[in-house]
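Report on the structure given below.
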Amino acid sequence: MVNVRPIRTEADYEATLARVAELMDAPEGTPEGEELDVLADLVEVYEDRHFPMAYPDPVAAIEFCMDQQDLTPRDLVPYIGGRARVSEVLSGKRAITISMARALHEHLGIPAEVLLQKPAPAGDASLDDLDAVRFPLKEMAKRAWIPDVADLKGSASELVAGLLGRAGGPDALAAVPMYRKNDHQRINAKTDPHALRAWCWQVLASANDDTLGAPYEPGTVTPDFLRVVAQLSASEDGPVQARDFLAKHGIALRVERHLPRTHLDGAAFRLPEKAPVVGLTLRYDRIDNFWFCLLHELAHLGRHLDGRPEGFVDDFDLPGDDVREAEADEWAQEALIPKEEWDRSAIWLEPATLNVIYLANSLGIHPAIVAGRLRYESGNYRLLSQLVGTGQVRQQFEEA
């Protein structure tokens, strides 16, 4: 393992995140895997100190506890009351009382300070229901998502309201997933919901700032459309070509780095009377990762978003519990490498570089996509690492 140094400055933090991204596929038990474990611990310590996370929503905390301990609503009856009362608490229709909080804390181990805070608002809530000072204001100002005023906390409500307004107002507030287990979203349990909202709203706000080439026509995104997008990957500047191609069809593609305490790869949004938006973080800056994330989010647009204020956010390190995630995976995989072609090639029997390039050329896609599929299906992330295009996507958008 290389010499690992403490994270003392923001430059150290950024460099460590870059190294973590390089090592993310390292298998356990290898020197690289051990280095990844150490660096991840250092990052968590630094983020605990410099980016304190707001408490999760009380209902989300209960649902997470239920998921971890394999509990059903019936198991909560001794702590909350009858089945009807449990249902009302879990749906947000009834507040958690002190006696409920005491019982849940004592028997399930949920922190009392989490249970007794004001619950997160429902999807149709207003900004007045949000605690603006819990947003990562300093980081948002640093990235110019909000004005960098002298008193960020004192101006928090105004600043966050301004970002939400640029994102789409109440529609944007309703579109961002609420970080609830029953949303079936691919969201990490350690995600800060305020940071998640901030990122989503910035993606929407950025998209609203530009004029696209044409209005979006419902029904545009089909399996054939995704296949056309996938074949843009064959070009060196394929990611930028994809952005421009989507803009001509009324779809905005935005790349925004993820915020600390968000475990996020991509998102798809559809607001009424607005262009559909795909946002990517490039958390793992690799060519194969970019194309799968992009096509997965586009598949959500084509299969699941029909104009209601709604959105999907995805952490692809997690399995998708919702059938809609499986459907989006299916469309993305089929567009990149059709199952029939994959099975016929039998490339997994001899995953050599020349064979990868041959199959990629025959399909009209980048070799990184074939290499990434082999690495994923074999579970060997040291395989063909020279082909997946590490560090070759973000620079294209920054230069463009």
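Measuring nothing but protein heavy atoms, the accessible surface of the chain at 1.4 Å probe radius is 50 percent carbon and sulfur. Here each label is just a point 7 Å from Cα along the line to Cβ, and for Arg394 and Ala112 those points are 4.3 nm apart. Along the axis of the charge dipole computed for the chain (Cβ charges of +1 for Lys and Arg, -1 for Asp and Glu, origin at the Cα centre), the listed residues Phe292, Gly250, Ser345 are led at the positive end by Gly250.
Averaged per residue, the chain has 49 square angstrom of accessible surface, using a 1.4 angstrom probe with ligands and nucleic acids left out.
For Ile98 and Val77, the FRET efficiency from 1/(1 + (r/R0)^6), where r spans their Cβ atoms and R0 equals 25 Å, is about 0.85. Each Lys and Arg contributes +1 and each Asp and Glu -1, all at the Cβ; summed about the Cα centre of the chain, the dipole is approximately 800 debye.
On full extension, the segment bounded by Arg49 and Val149 gains 33.7 nm, given 0.36 nm per residue less the C-alpha separation. Extending 7 Å from the Cα toward the beta-carbon at both Ala214 and Glu28 defines two label points whose distance is 5.0 nm. Dipole check for the range 27-114: with +1 at the C-beta of Lys and Arg, -1 at the C-beta of Asp and Glu, and the Cα centre as origin, the magnitude is about 1140 Debye.
From most to least packed by mean Cβ count within 10 Å, the peptides 243-249, 72-78 give 243-249, 72-78. Residues in the range 263-270 carry Karplus couplings, in order, of 10, 9, 10, x, 7, 9, 9, 9 Hz; the curve used is 6.51 cos²θ - 1.76 cosθ + 1.60 with θ = phi - 60°, and Gly or Pro positions show x. Between Ala346 and Glu377, full extension at 0.36 nm per residue minus the direct alpha carbon distance yields a gain of 9.9 nm. Please grab the % of Cα pairs in the range 261-360 that end up more than 23 Å from each other. So the pairs more than 23 Å apart make up 35 percent of the total in the range 261-360.
Bridging of Lys138 to aspartates and glutamates at a Cα separation below 17 Å is possible for Glu10, Glu14, Glu47, Asp48, Asp148, Asp151, Glu158, Asp192, Glu256, once same-chain residues fewer than 8 apart are set aside. Placing unit charges on the Cβ atoms of the charged side chains and taking the dipole of the range 310-354 about its Cα centre, the candidate lying farthest along the positive direction among Gly311, Leu354, Trp331 is Leu354. Extension gain for Asp237 to Asp131 (0.36 nm times residue separation, less C-alpha to C-alpha distance): 34.0 nm. A simple packing score, the average count of other Cβ atoms within 10 Å per residue, orders the peptides 339-346, 137-144 as 137-144, 339-346, with the highest score first. So what does the Cα-only Debye profile of the chain read at q = 0.07, 0.08, 0.13, 0.14 Å⁻¹, as log10 I(q)/I(0), no solvent term? Scattering profile of the chain, log10 relative to I(0): -0.36, -0.47, -1.21, -1.35.
The values are calculated or read from the model by the stated rules, or taken from the named source; none is laboratory data. All of these numbers come straight from a predicted model, not from anything done at the bench. With ideal geometry, Cβ positions are generated from the backbone for all residues, glycine too; neighbour counts draw on all protein chains shown. With ligands, DNA and RNA removed, areas are computed over all heavy atoms of the protein, side chains included. Shrake-Rupley method; radii C 1.70, N 1.55, O 1.52, S 1.80 Å.
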